[in-house]
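The values are calculated or read from the model by the stated rules, or taken from the named source; none is laboratory data. Remember, predicted model here, so these are calculated numbers, not experimental data. Positions of Cβ are backbone-derived with ideal geometry, glycine not excepted, and every protein chain shown enters the neighbour counts.
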Amino acid sequence: MDDQLEYGFVTGIFVLDHTAGKISAEEAERGFGETTKENFWRMWPHVREWADALWYIIEEERGSMARPAEDEELDDVGGGG
């Protein structure tokens, strides 16, 4: 994997998350310039499809590790005596 590619990806994710936390979608639509909105409108469907696919792959890998145990014998909360 190209380190620069990974760095660019993670930087982009952080910037997008930061932007989403600072302004609403409505504010972005009103405030962003036409070129920015056109680029987003044109590129987002492909980016979203790719990001969703990556997210599902990672979710399959990590999601099961984060789920609570379903074995009642392992679910001992104490008390009851």
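Any chance region 64-81 includes a residue that's exposed (fewer than 10 other Cβ atoms within 10 Å of the Cβ), modelled with pLDDT of 95 or more and outside any helix (DSSP H, G or I)? Scanning region 64-81 turns up no residue that is exposed (fewer than 10 other Cβ atoms within 10 Å of the Cβ), modelled with pLDDT of 95 or more and outside any helix (DSSP H, G or I). A residue that is at pLDDT below 95 and not hydrophobic (A, V, I, L, M, F, W, C) can be found somewhere in region 50-59. The set of residues from region 1-29 being assigned to a helix (DSSP H, G or I), of a type in the set (D, E, K, R) and loosely packed, with under 10 Cβ neighbours inside 10 Å comprises Asp3, Lys22, Glu26.
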